[in-house]
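Accompanying notes for the structure given below.
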(Lines give C-alpha, C1' and ligand atoms only; values in the text may rest on other atoms or scores of the structure.)
Protein backbone atom coordinates (compact mmCIF):
# COMPACT_ATOMS: atom_id res chain seq x y z
CA UNK A 1 0.00 0.00 0.00
CA UNK A 2 1.56 3.28 -1.06
CA UNK A 3 0.16 6.81 -1.01
CA UNK A 4 0.61 7.94 -4.61
CA UNK A 5 -0.96 11.46 -4.18
CA UNK A 6 -3.13 10.78 -7.21
CA UNK A 7 -5.36 13.31 -8.93
CA UNK A 8 -8.70 11.59 -9.34
CA UNK A 9 -11.63 12.51 -11.62
CA UNK A 10 -14.86 12.96 -9.68
CA UNK A 11 -18.39 14.13 -10.38
CA UNK A 12 -19.17 17.60 -9.09
CA UNK A 13 -16.72 20.00 -7.46
CA UNK A 14 -13.75 18.43 -5.66
CA UNK A 15 -13.73 18.59 -1.86
CA UNK A 16 -11.77 21.37 -0.24
CA UNK A 17 -8.21 20.31 0.61
CA UNK A 18 -7.55 19.35 4.22
CA UNK A 19 -4.51 21.27 5.40
CA UNK A 20 -2.40 19.81 8.19
CA UNK A 21 -5.10 17.21 8.85
CA UNK A 22 -4.63 13.50 9.60
CA UNK A 23 -3.48 11.22 6.78
CA UNK A 24 -6.09 8.49 7.18
CA UNK A 25 -4.62 6.33 4.39
CA UNK A 26 -1.13 6.31 5.87
CA UNK A 27 -2.40 5.80 9.42
CA UNK A 28 -4.62 2.96 8.19
CA UNK A 29 -1.67 1.27 6.51
CA UNK A 30 0.24 1.36 9.80
CA UNK A 31 -2.67 -0.24 11.61
CA UNK A 32 -2.93 -2.86 8.85
CA UNK A 33 0.74 -3.77 9.32
CA UNK A 34 0.04 -4.25 13.04
CA UNK A 35 -2.80 -6.66 12.24
CA UNK A 36 -5.53 -4.24 13.39
CA UNK A 37 -7.74 -4.84 10.38
CA UNK A 38 -11.03 -3.43 11.67
CA UNK A 39 -9.34 -0.21 12.76
CA UNK A 40 -7.49 0.02 9.42
CA UNK A 41 -10.70 -0.41 7.43
CA UNK A 42 -12.34 2.32 9.52
CA UNK A 43 -9.58 4.79 8.65
CA UNK A 44 -9.66 3.90 4.95
CA UNK A 45 -13.41 4.50 5.00
CA UNK A 46 -12.89 7.87 6.67
CA UNK A 47 -10.51 8.82 3.86
CA UNK A 48 -13.21 7.90 1.34
CA UNK A 49 -15.86 9.87 3.23
CA UNK A 50 -13.61 12.92 2.84
CA UNK A 51 -12.63 12.15 -0.77
CA UNK A 52 -14.67 9.46 -2.58
CA UNK A 53 -12.19 9.57 -5.46
CA UNK A 54 -9.19 8.47 -3.40
CA UNK A 55 -8.23 5.37 -5.37
CA UNK A 56 -5.48 4.35 -2.92
CA UNK A 57 -8.04 4.26 -0.11
CA UNK A 58 -10.33 2.08 -2.28
CA UNK A 59 -7.43 -0.29 -2.99
CA UNK A 60 -6.36 -0.46 0.67
CA UNK A 61 -9.92 -1.05 1.79
CA UNK A 62 -10.06 -3.98 -0.64
CA UNK A 63 -6.81 -5.47 0.68
CA UNK A 64 -8.04 -5.21 4.27
CA UNK A 65 -11.38 -6.76 3.31
CA UNK A 66 -9.59 -9.61 1.53
CA UNK A 67 -7.44 -10.21 4.61
CA UNK A 68 -10.66 -10.75 6.55
CA UNK A 69 -12.07 -13.11 3.93
CA UNK A 70 -14.58 -10.65 2.51
CA UNK A 71 -13.90 -11.32 -1.19
CA UNK A 72 -17.11 -9.72 -2.42
CA UNK A 73 -16.34 -6.41 -0.73
CA UNK A 74 -12.72 -6.57 -1.92
CA UNK A 75 -13.83 -6.98 -5.55
CA UNK A 76 -16.34 -4.12 -5.22
CA UNK A 77 -13.68 -1.75 -3.86
CA UNK A 78 -11.11 -2.69 -6.51
CA UNK A 79 -13.59 -2.23 -9.33
CA UNK A 80 -14.44 1.19 -7.92
CA UNK A 81 -10.76 2.15 -7.90
CA UNK A 82 -10.29 0.93 -11.49
CA UNK A 83 -13.42 2.75 -12.67
CA UNK A 84 -12.06 5.99 -11.18
CA UNK A 85 -8.57 5.48 -12.59
CA UNK A 86 -8.23 2.77 -15.28
CA UNK A 87 -4.41 2.95 -15.19
CA UNK A 88 -4.26 2.29 -11.43
CA UNK A 89 -2.28 -0.91 -11.97
CA UNK A 90 -1.94 -1.96 -8.32
CA UNK A 91 -5.72 -2.36 -8.07
CA UNK A 92 -5.84 -4.33 -11.33
CA UNK A 93 -3.12 -6.72 -10.12
CA UNK A 94 -4.93 -7.22 -6.80
CA UNK A 95 -8.19 -7.94 -8.62
CA UNK A 96 -6.37 -10.45 -10.85
CA UNK A 97 -5.05 -12.22 -7.73
CA UNK A 98 -8.56 -12.54 -6.32
CA UNK A 99 -9.76 -14.04 -9.60
CA UNK A 100 -6.86 -16.52 -9.42
CA UNK A 101 -7.92 -17.54 -5.91
CA UNK A 102 -11.44 -18.12 -7.27
CA UNK A 103 -10.06 -20.16 -10.19
CA UNK A 104 -11.46 -17.62 -12.66
CA UNK A 105 -8.42 -17.67 -14.89
CA UNK A 106 -10.05 -15.89 -17.83
CA UNK A 107 -10.99 -12.87 -15.70
CA UNK A 108 -7.50 -12.85 -14.15
CA UNK A 109 -5.92 -12.88 -17.62
CA UNK A 110 -8.10 -9.94 -18.69
CA UNK A 111 -6.85 -7.77 -15.81
CA UNK A 112 -3.21 -8.74 -16.35
CA UNK A 113 -3.50 -8.05 -20.08
CA UNK A 114 -4.88 -4.60 -19.21
CA UNK A 115 -1.82 -3.92 -17.05
CA UNK A 116 0.47 -4.86 -19.95
CA UNK A 117 -1.42 -2.47 -22.22
CA UNK A 118 -0.24 0.33 -19.93
CA UNK A 119 3.17 -1.18 -19.05
CA UNK A 120 4.15 -3.74 -21.73
CA UNK A 121 7.48 -4.81 -20.17
CA UNK A 122 6.36 -5.26 -16.55
CA UNK A 123 8.10 -8.55 -15.75
CA UNK A 124 6.06 -9.57 -12.64
CA UNK A 125 2.87 -9.17 -14.68
CA UNK A 126 4.34 -11.09 -17.63
CA UNK A 127 5.31 -13.97 -15.34
CA UNK A 128 1.92 -14.01 -13.60
CA UNK A 129 0.05 -13.94 -16.90
CA UNK A 130 2.20 -16.84 -18.14
CA UNK A 131 1.21 -18.84 -15.04
CA UNK A 132 -2.44 -17.98 -15.64
CA UNK A 133 -2.19 -19.16 -19.26
CA UNK A 134 -0.77 -22.49 -18.08
CA UNK A 135 -3.66 -22.89 -15.63
CA UNK A 136 -6.06 -22.11 -18.49
CA UNK A 137 -4.53 -24.99 -20.47
CA UNK A 138 -2.66 -22.74 -22.93
CA UNK A 139 1.06 -23.33 -22.30
CA UNK A 140 1.75 -22.26 -25.88
CA UNK A 141 0.47 -18.76 -25.04
CA UNK A 142 2.67 -18.72 -21.93
CA UNK A 143 5.77 -19.61 -23.92
CA UNK A 144 5.00 -17.04 -26.63
CA UNK A 145 4.48 -14.37 -23.98
CA UNK A 146 7.83 -15.11 -22.37
CA UNK A 147 9.63 -15.40 -25.72
CA UNK A 148 8.32 -12.00 -26.80
CA UNK A 149 9.43 -10.26 -23.62
CA UNK A 150 12.67 -8.31 -23.88
CA UNK A 151 12.92 -8.49 -20.09
CA UNK A 152 13.43 -12.24 -20.26
CA UNK A 153 16.70 -11.56 -22.13
CA UNK A 154 19.41 -14.00 -21.11
CA UNK A 155 16.83 -16.40 -19.67
CA UNK A 156 15.48 -17.31 -23.12
CA UNK A 157 17.93 -20.21 -23.60
CA UNK A 158 17.00 -21.55 -20.19
CA UNK A 159 13.26 -21.22 -20.80
CA UNK A 160 13.54 -22.87 -24.23
CA UNK A 161 15.44 -25.81 -22.75
CA UNK A 162 12.96 -26.12 -19.91
CA UNK A 163 9.98 -26.23 -22.27
CA UNK A 164 11.77 -28.76 -24.48
CA UNK A 165 12.48 -30.91 -21.43
CA UNK A 166 8.88 -30.74 -20.28
CA UNK A 167 7.64 -31.80 -23.72
CA UNK A 168 10.16 -34.63 -24.07
CA UNK A 169 9.71 -36.16 -20.63
CA UNK A 170 5.94 -35.83 -20.79
CA UNK A 171 5.87 -37.83 -24.03
CA UNK A 172 8.56 -40.37 -23.03
CA UNK A 173 7.33 -43.93 -23.00
CA UNK A 174 7.98 -46.39 -20.20
CA UNK A 175 8.64 -43.79 -17.50
CA UNK A 176 6.61 -43.28 -14.35
CA UNK A 177 5.50 -39.77 -13.40
CA UNK A 178 8.17 -39.70 -10.72
CA UNK A 179 10.90 -40.80 -13.15
CA UNK A 180 9.88 -38.06 -15.58
CA UNK A 181 10.09 -35.49 -12.79
CA UNK A 182 13.50 -36.72 -11.65
CA UNK A 183 14.93 -36.72 -15.18
CA UNK A 184 13.52 -33.29 -15.93
CA UNK A 185 14.96 -31.90 -12.69
CA UNK A 186 18.37 -33.37 -13.43
CA UNK A 187 18.28 -31.94 -16.97
CA UNK A 188 17.48 -28.49 -15.58
CA UNK A 189 20.32 -28.71 -13.05
CA UNK A 190 22.77 -29.78 -15.78
CA UNK A 191 21.64 -26.80 -17.85
CA UNK A 192 22.28 -24.44 -14.93
CA UNK A 193 25.70 -26.01 -14.35
CA UNK A 194 26.56 -25.66 -18.06
CA UNK A 195 26.95 -29.43 -18.49
CA UNK A 196 24.43 -29.87 -21.31
CA UNK A 197 26.93 -28.90 -24.02
CA UNK A 198 24.68 -26.11 -25.30
CA UNK A 199 24.91 -23.29 -22.75
CA UNK A 200 27.28 -21.41 -20.50
CA UNK A 201 27.02 -21.99 -16.72
CA UNK A 202 24.51 -19.78 -14.95
CA UNK A 203 25.92 -17.87 -11.97
CA UNK A 204 23.61 -18.54 -9.05
CA UNK A 205 24.28 -16.81 -5.73
CA UNK A 206 23.00 -18.09 -2.39
CA UNK A 207 23.44 -17.22 1.28
CA UNK A 208 25.30 -19.53 3.65
CA UNK A 209 22.91 -20.31 6.52
CA UNK A 210 25.67 -20.28 9.15
CA UNK A 211 27.95 -17.40 8.13
CA UNK A 212 25.39 -15.27 6.28
CA UNK A 213 27.89 -14.73 3.46
CA UNK A 214 26.94 -14.88 -0.21
CA UNK A 215 28.34 -17.92 -2.01
CA UNK A 216 28.23 -19.07 -5.62
CA UNK A 217 26.18 -22.25 -6.03
CA UNK A 218 27.95 -24.84 -8.16
CA UNK A 219 27.69 -28.56 -8.85
CA UNK A 220 23.89 -28.65 -8.55
CA UNK A 221 23.51 -31.67 -10.85
CA UNK A 222 26.28 -33.59 -9.08
CA UNK A 223 24.67 -33.02 -5.68
CA UNK A 224 21.17 -33.99 -6.78
CA UNK A 225 20.45 -36.51 -4.02
CA UNK A 226 18.81 -39.15 -6.22
CA UNK A 227 22.25 -39.91 -7.62
CA UNK A 228 24.79 -42.10 -5.85
CA UNK A 229 27.54 -39.94 -4.37
CA UNK A 230 31.16 -40.25 -5.43
CA UNK A 231 32.17 -41.19 -1.90
CA UNK A 232 30.05 -44.33 -2.03
CA UNK A 233 31.49 -45.40 -5.35
CA UNK A 234 35.04 -44.76 -4.11
CA UNK A 235 34.29 -46.82 -1.01
CA UNK A 236 33.13 -49.77 -3.09
CA UNK A 237 36.29 -49.63 -5.22
CA UNK A 238 38.63 -49.36 -2.24
CA UNK A 239 37.96 -52.87 -1.00
CA UNK A 240 37.14 -51.64 2.51
CA UNK A 241 34.38 -53.55 4.35
CA UNK A 242 30.97 -51.93 3.90
CA UNK A 243 28.84 -51.46 7.01
CA UNK A 244 25.18 -52.36 6.43
CA UNK A 245 22.21 -51.14 8.46
CA UNK A 246 20.49 -54.46 9.02
CA UNK A 247 16.97 -55.17 10.21
CA UNK A 248 16.82 -56.15 13.85
CA UNK A 249 16.44 -55.03 17.48
CA UNK A 250 19.27 -52.47 17.40
CA UNK A 251 19.09 -48.83 18.48
CA UNK A 252 20.08 -47.66 15.00
CA UNK A 253 17.37 -49.74 13.32
CA UNK A 254 14.74 -48.40 15.74
CA UNK A 255 15.93 -44.83 15.11
CA UNK A 256 15.87 -45.39 11.36
CA UNK A 257 12.37 -46.90 11.53
CA UNK A 258 11.00 -43.91 13.42
CA UNK A 259 12.69 -41.48 11.03
CA UNK A 260 11.27 -43.36 8.05
CA UNK A 261 7.76 -43.29 9.49
CA UNK A 262 8.04 -39.54 10.12
CA UNK A 263 9.32 -38.94 6.60
CA UNK A 264 6.45 -40.90 5.08
CA UNK A 265 3.91 -39.02 7.18
CA UNK A 266 5.41 -35.72 6.04
CA UNK A 267 5.26 -36.79 2.37
CA UNK A 268 1.76 -38.24 2.65
CA UNK A 269 2.85 -41.83 1.95
CA UNK A 270 5.58 -43.86 0.30
CA UNK A 271 7.53 -42.23 -2.52
CA UNK A 272 8.94 -45.52 -3.77
CA UNK A 273 12.34 -46.66 -5.00
CA UNK A 274 13.81 -46.13 -1.51
CA UNK A 275 13.67 -42.37 -2.01
CA UNK A 276 12.86 -41.65 1.63
CA UNK A 277 15.34 -44.29 2.81
CA UNK A 278 18.09 -42.64 0.75
CA UNK A 279 17.24 -39.23 2.17
CA UNK A 280 17.43 -40.41 5.79
CA UNK A 281 20.64 -42.39 5.37
CA UNK A 282 22.34 -39.51 3.59
CA UNK A 283 21.26 -36.60 5.74
CA UNK A 284 20.98 -38.04 9.26
CA UNK A 285 24.39 -38.07 10.93
CA UNK A 286 23.51 -41.13 13.01
CA UNK A 287 23.66 -43.29 9.90
CA UNK A 288 26.75 -41.80 8.25
CA UNK A 289 28.78 -44.88 9.14
CA UNK A 290 26.57 -47.15 7.02
CA UNK A 291 27.15 -47.71 3.31
CA UNK A 292 24.12 -46.42 1.46
CA UNK A 293 24.76 -48.57 -1.60
CA UNK A 294 25.24 -51.77 0.41
CA UNK A 295 22.28 -51.04 2.70
CA UNK A 296 19.93 -50.46 -0.23
CA UNK A 297 21.04 -53.74 -1.81
CA UNK A 298 20.38 -55.47 1.50
CA UNK A 299 16.89 -53.93 1.77
CA UNK A 300 16.09 -54.81 -1.83
CA UNK A 301 17.12 -58.43 -1.27
CA UNK A 302 15.32 -58.84 2.06
CA UNK A 303 12.19 -56.69 2.12
CA UNK A 304 11.19 -55.45 -1.33
CA UNK A 305 11.73 -52.61 -3.78
CA UNK A 306 10.43 -49.59 -1.86
CA UNK A 307 9.88 -47.98 1.52
CA UNK A 308 6.33 -49.22 2.03
CA UNK A 309 7.58 -52.80 1.69
CA UNK A 310 10.07 -52.12 4.46
CA UNK A 311 7.23 -51.08 6.72
CA UNK A 312 4.95 -53.96 5.75
CA UNK A 313 7.67 -56.56 6.17
CA UNK A 314 9.27 -55.54 9.43
CA UNK A 315 7.55 -52.56 11.04
CA UNK A 316 3.85 -53.31 10.99
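The values are calculated or read from the model by the stated rules, or taken from the named source; none is laboratory data. Given the structure is predicted, the values throughout are model-derived calculations rather than measurements. Glycine also receives a Cβ, built like all others from the backbone with ideal geometry; neighbour counts cover every protein chain displayed.
Key figures
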read-out	value
Residues of the stretch 289-316 that turn out to be over 19 Å from residue 249 (Cα atoms), at pLDDT 80 or above and surrounded by fewer than 14 Cβ atoms within 10 Å (Cβ to Cβ), as a count	1
Residue ID - modelled with the lowest pLDDT, chosen from residues in the stretch 19-49 that are surrounded by 12 or more Cβ atoms within 10 Å (Cβ to Cβ) and not in a helix (DSSP H, G or I)	22
Residue within the stretch 146-167 that is part of a helix (DSSP H, G or I) and at pLDDT 75 or above present	yes
Some residue of the stretch 71-84 being over 32 Å from the mean Cα position of the chain (by Cα), surrounded by 15 or more Cβ atoms within 10 Å (Cβ to Cβ) and modelled with pLDDT of 90 or more	yes
